[in-house]
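Report on the structure given below.
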Amino acid sequence: MARFSVHEHDIRDANSLGRGAQLLQLSHLRLRLLPEKAVTGAWIGLPLTRITGLNPDGRIDIDHDLIPPIINYQASSLMCTWLSWINDLIRMRADSLAERLTGSDNHGHEAAEVSDYLLLQILNRFEPLLTHLAKTPLAPEVLYRYLSELAGELSTYVRPQTRRPAEYKEYKHLTPYAGVKSLVDEVQFLLNAVLIRGAQRIELKEGTYGILNAVVAPSDLADFSTLVLAIKASMPTDVLLQHFAAQTKIGPSDRLPELIRSHLPGLALQVLPVPPRQIPFQAGYIYYDIRREGALWEHIARYGGMAMHTAGEFPGLETELWGVRDK
């Protein structure tokens, strides 16, 4: 069977005004719609759609996730939707990061890191690029290439365990859905992880009898690799360092009064020579690692709620509690 079928058509010669139309034989591809099992070696088959069900009334259900081999990704509404989602997500994440770094969110700049600036640089570069791609007819492979580049760069900052990109399904022109969809899911995951801060300041609310309460959900505690207490007072640093830990009790909110009355120890405090890199350094502050071990910590991790009490006089005492994540 011939690959092309012949048809005749009158064509006017554009280079000669005196001659009339001439009859020419033209060809076009001989295309047929066949089920996959009927495609033999004599045919070149391209997947077009997949039937998922036949209804009693004669209606056919098709697989809307199947994307046929196309030379312009804009021919697929699904790919256009994916690109729109990613572009919107990039814009929102870039706006939030910019607010954090400029301090317009009132608190984010306190824990700004160099990695936050580098992440914003990546987002600022890809946002106008993907906006341009959304208006430009391109092969799906080109879209896959740019998304894999974005995922690779984000992985450097968002995957703290490996700093390496995940394994993506390869792009196949005959079946582009699997490769592009796996990459879209990965980019969305990475963009959602962008706003997870390396350090989060936990508010300390003053209660009765000088007790400071930090209401922390167990789910938040599970995310923190370290809890850091930063202190400063209007007294010599060596004196503050000598007496503060011995006169401070930290424990579960509901058990701290009992610990104070019974003169029982709370969570141990270990001096840090330097603060974790996720926390902004402040001159004059002493940093303690709150040791997360023992029965008291297990109670906090299970039920949440942590409180602190400092006995004695520490003029001008300032305290900050930070939860630090590995990032």
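Quick notes on this one:
- When residues of the stretch 292-309 are limited to those that are more than 22 Å from Glu206 (Cβ to Cβ) and of a type in the set (Gly, Ala, Ser), the one modelled with the lowest pLDDT: Ala301
- Each residue in the stretch 208-219 was checked for being in contact with a strand residue (DSSP E or B) (Cβ under 8 Å, 6 or more places away or on another chain) and either under 27 Å from Phe281 (Cβ atoms) or modelled with pLDDT under 85 (or both), and 6 pass.
- Tyr157 within 30 Å of Pro69 (Cα to Cα), of a type in the set (Phe, Trp, Tyr) and in contact with a Leu (Cβ under 8 Å, 6 or more places away or on another chain): no
- Asp185 meets each of the listed conditions (1) modelled with pLDDT of 90 or more; (2) touching a helix residue (DSSP H, G or I) at 6+ places or on another chain (Cβ under 8 Å); (3) farther than 27 Å from Thr310 by Cβ apart from (2).
- Residue, surrounded by the fewest Cβ atoms within 10 Å (Cβ to Cβ), within the stretch 1-50, restricted to residues that are touching a strand residue (DSSP E or B) at 6+ places or on another chain (Cβ under 8 Å) and among the small types (Gly, Ala, Ser): Gly20
- Some residue of the stretch 223-236 being part of a helix (DSSP H, G or I), under 22 Å from the mean Cα position of the chain (by Cα) and within 29 Å of Gly266 (Cβ to Cβ): yes
- Counting only strands (runs of 3 or more DSSP E) that fall entirely inside the stretch 244-305 and contain at least 2 residues that are more than 34 Å from the chain's Cα centre (by Cα), the qualifying elements are 248-252.
Yes/no matrix, rows are residues, columns are (1) of a type outside the set (A, V, I, L, M, F, W, C); (2) farther than 19 Å from Ala178 by Cα:
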residue	(1), (2)
Arg3	yes, yes
Val6	no, yes
Leu26	no, yes
Pro35	yes, yes
Leu48	no, no
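- Looking across the stretch 86-115, the residues that are at pLDDT below 90, of a type in the set (S, T, N, Q) and under 18 Å from the mean Cα position of the chain (by Cα) come down to Ser96, Ser115.
The values are calculated or read from the model by the stated rules, or taken from the named source; none is laboratory data. All of these numbers come straight from a predicted model, not from anything done at the bench. All Cβ positions, even for glycine, are placed from backbone atoms using ideal geometry, and neighbour counts span all protein chains on display.
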